[in-house]
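What follows is a set of notes on a single structure, which appears directly below.
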Amino acid sequence: MSRINFYLRPGVAEERDAREIATAFAEIIRDEDYRAASTSQAAAESGVVDHLLFGRNEPALHHYHNTFREALGHEPLPLLDSAT
């Protein structure tokens, strides 16, 4: 089970039905994000993938990963320049 919270700018709920927005995002999370995460985990556990690259639009993944690195006494991973 997941608990999902949505934060809307003031006035957005008056412009569009907030329930409709929440339902649409929840369906995307359920139908796309969880499926992608499941297949990504299977690929990671297979041993075939030797590295992962988190995109710049995934700040939560960067934070999560580096939190564990810090807890293990490791330096945070460097950000790659877009030209790299």
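Before moving on, here are some points about what is shown:
- Of the residues Val49, Phe25, Val12, the one whose Cα sits farthest towards the positive end of the charge dipole of region 1-49 is Val49 (charges of +1 on Lys and Arg Cβ, -1 on Asp and Glu Cβ, taken about the Cα centre).
- Note on region 1-49: Cα convex hull, mean projected area over all directions, 4.5 nm².
- Dipole magnitude for the chain: about 160 debye, using +1 per Lys or Arg Cβ and -1 per Asp or Glu Cβ, origin at the Cα centre.
- Proportion of all alpha-carbon pairs of the chain beyond 23 Å (%): 46 percent
All of the numbers you see were taken from the coordinates with simple rules; none came from a lab. This one's a predicted model, so the numbers in the text were calculated from it and none came from an experiment. Positions of Cβ are backbone-derived with ideal geometry, glycine not excepted, and every protein chain shown enters the neighbour counts.
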